Amino acid sequence: MISKKIDELKEQLIESTQEIIKIRSLEGEGKEGMPFGEEVNNALLCALKISEDLGFKTKNIDGYAGYAEYGDGEEYVAAVGHLDVVPEGEGWTYNPYGAEIHDGKIYGRGTTDDKGPIMAALYGLKAIKELNLPLSKRIRIIFGTNEETGSNDLPYYLKKEKPPVLGFTPDAEYPIIYAEKGILHFTLSKTFALKDGEIIIKSIKAGERPNIVPSLCEALVTGKSIEYFKVKLEEFNKEGHYNIDLESSDNGVKIKSYGVSAHGSTPQLGKNAIMHMIMFLNTLDIKGDLKELLNFLSETIGTEVNGESFGVGYEDEPSGKLTLNVGIIDLCEDKADFRIDIRYPVTINNEELIKKLEATAGSVKAEIKDLDLDEPLYFSKDHELIKKLQIAYKEITGNEGEPIAIGGGTYAKSMPNTVAFGPIFPGKPDVIHKPDEHIEVEDLIANAKVYGRALYEMAK
Ligand SMILES: [Zn+2]
């Protein structure tokens with residue numbers, strides 16, 4: 001029934017999606033009633049206007065978020081999406097805010113992340129309304145406005161509104177993400193009190209974000225001729241497949257280590273240029289505190305990505321192994337700072353994890369500081385929410401929809417009782433944050449069917 005109704009609403013859904021894609025909703029300077037700037041606010045007003053035109057009650061939560069609502073009942077269920085986008089960047093074939101349709105695809109920033117999917121959810125609700133399906137709970141489509149640049153939208157919403165009793169966010173992939181690891185970012189820091197020896201490392205620099213495996217690391221070293229480093233590099237290369245270059249400069253020898261970039265939640269897919277650099281430098285005749293640190297890092301991390309030798313090799317059944325990525329290094333003659341991204345399994349206690357990190361770092365008098373913690377998300381596979389989403393997914397797609405675990409974190413972490421559900425179907429390319437972001441019209445329609453069916457299942 002819902003599917004048939006969505007087919008009737010198809011043209012309207014495409015038009016509404018195009019309308020909102022055309023608003024370049026990047027975060028801007030906050031103003032009165034527009035905490036994330038005028039462009040984001042325009043997208044929020046547009047979504048609320050579309051909702052009103054579809055016959056829904058709407059509310060604007062002081063420009064932080066808004067919602068469309070349908071039905072009666074004490075409790076409500078929700079689909080939670082976001083209207084803000086990341087900058088378009090370079091390399092587009094079509095206007096990133098043109099919402100042009102070519103070969104059955106709507107192109108534009110936000111088509112998949114996340115305006116298209118939240119419009120699909122809104123039209124799913126429209127189908128429920130038109131069919132007059134009996135409900136025991138209210139249904140809300142919640143429009144967030146600050147997912148990409150700080151997630152300050154939903155905390156504000158939750159100060160003003162109760163959370164949904166069940167919810168999903170169409171902001172990741174299918175089928176259902178029932179486990180998202182915890183995320184811990186921290187700085188491993190050490191000052192060099194004892195300096196000694198001929199070789200001096202003037203600087204090592206790499207990385208901009210902890211959650212990216214760095215693909216380039218550069219060091220400047222003095223105290224020996226380039227010939228010395230060449231001999232050492234040849235020996236080092238015998239041990240493994242590294243990609244390190246040497247170059248003479250006026251200030252000393254420049255060393256460049258090349259790796260392979262990957263997302264910090266999947267460090268096993270990359271090669272860490274920082275760690276290769278550290279391991280190479282550790283083979284040089286360096287002395288003092290710096291040598292102690294290089295040796296420590298080579299032994300406790302090296303090319304490992306699961307934290308075993310650092311003493312945090314945790315693993316559990318729902319979410320798999322802990323991952324560790326050294327994303328940034330900033331080293332000078334006096335001190336070194338490493339910014340590290342850890343994704344820890346959902347059943348692990350973060351206090352215990354932090355204690356272990358401190359104990360290991362303490363063995364070389366290094367400090368763990370500037371901790372930034374994002375708790376894990378975990379629902380049992382038997383949880384009512386997972387079961388209901390599975391029913392909807394199976395009915396519309398014909399596939400089982402076995403729930404999956406990921407390194408985290410999606411928008412679901414910002415809303416209680418909520419998991420990530422779609423919008424990318426298995427086997428489809430991930431176009432999020434990339435040039436030529438698009439959504440296939442067929443997938444947009446399929447999303448509306450799945451989301452409409454899911455909302456009904458949650459609220460009936
Ligand atoms: Zn998103």
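The values are calculated or read from the model by the stated rules, or taken from the named source; none is laboratory data. Just so we're clear, the structure is a prediction, and the values are computed from it rather than from any experiment. Glycine also receives a Cβ, built like all others from the backbone with ideal geometry; neighbour counts cover every protein chain displayed. Only protein heavy atoms, including side chains, enter the accessible area calculation; ligands, DNA and RNA are left aside. Shrake-Rupley method; radii C 1.70, N 1.55, O 1.52, S 1.80 Å.
Pairing residues of region 288-316 that are without any contact (Cβ under 8 Å) to a residue 60 or more places away in the chain and surrounded by fewer than 19 Cβ atoms within 10 Å (Cβ to Cβ) with residues that are assigned to a helix (DSSP H, G or I) and not hydrophobic (A, V, I, L, M, F, W, C), at Cβ distances under 7 Å and at least 6 apart in sequence or on separate chains, gives Ser309/Glu299; Ser309/Thr300; Gly311/Lys356; Gly311/Thr360.
Would you mind listing the strands (runs of 3 or more DSSP E) fully within region 1-120 where at least 2 residues are small (Gly, Ala, Ser) and more than 15 Å from the ligand (Cβ to nearest atom)?
Details: elements: 57-61, 65-70, 76-82, 105-107.
Filter on region 1-120 gives 65-70.
Restricting Thr410, Thr397, Thr360 to residues that are among the hydroxyl-bearing types (Ser, Thr, Tyr) and over 20 Å from Asn325 (Cα atoms) narrows the list to Thr397.
Just a yes or no: is a residue in region 435-442 within 16 Å of the ligand (Cβ to nearest atom), β-branched (Val, Ile, Thr), touching a helix residue (DSSP H, G or I) at 6+ places or on another chain (Cβ under 8 Å) and assigned to a strand (DSSP E or B)? There is at least one residue in region 435-442 that is within 16 Å of the ligand (Cβ to nearest atom), β-branched (Val, Ile, Thr), touching a helix residue (DSSP H, G or I) at 6+ places or on another chain (Cβ under 8 Å) and assigned to a strand (DSSP E or B). Can you find a residue that is touching a Phe, Trp or Tyr at 6+ places or on another chain (Cβ under 6 Å) and open to solvent by less than 50 Å² (accessible area, probe 1.4 Å) anywhere in region 200-211? Checked region 200-211: no residue is touching a Phe, Trp or Tyr at 6+ places or on another chain (Cβ under 6 Å) and open to solvent by less than 50 Å² (accessible area, probe 1.4 Å).
Could you tell me whether any residue of region 220-228 is assigned to a loop (DSSP other than H, G, I, E, B) and aromatic (Phe, Trp, Tyr)? No, region 220-228 has no match at all.
Taking region 364-397 as the range and being farther than 25 Å from Ile183 by Cβ and open to solvent by 60 Å² or more (accessible area, probe 1.4 Å) as the test, the residues that pass are Lys365, Asp382, Glu384, Lys387, Ile391, Lys394, Glu395. For region 414-429, filtering for residues that are in contact with a strand residue (DSSP E or B) (Cβ under 9 Å, 6 or more places away or on another chain), more than 12 Å from the ligand (Cβ to nearest atom) and open to solvent by 20 Å² or more (accessible area, probe 1.4 Å) leaves 5.
Can you tell me which residues in region 48-70 are at positive phi and either over 28 Å from the mean Cα position of the chain (by Cα) or crowded, with 21+ Cβ neighbours inside 10 Å (or both)? Working first, answer last.
Taking region 48-70 as the starting set, the residues that turn out to be at positive phi are 55, 62-63.
Those that are at positive phi and either over 28 Å from the mean Cα position of the chain (by Cα) or crowded, with 21+ Cβ neighbours inside 10 Å (or both): Gly55, Gly63.
Answer with yes or no whether Thr149 is in contact with a Phe, Trp or Tyr (Cβ under 9 Å, 6 or more places away or on another chain), under 30 Å from Glu367 (Cα atoms) and assigned to a loop (DSSP other than H, G, I, E, B). Considered against the rule, which asks whether it is in contact with a Phe, Trp or Tyr (Cβ under 9 Å, 6 or more places away or on another chain), under 30 Å from Glu367 (Cα atoms) and assigned to a loop (DSSP other than H, G, I, E, B), Thr149 comes out as yes.
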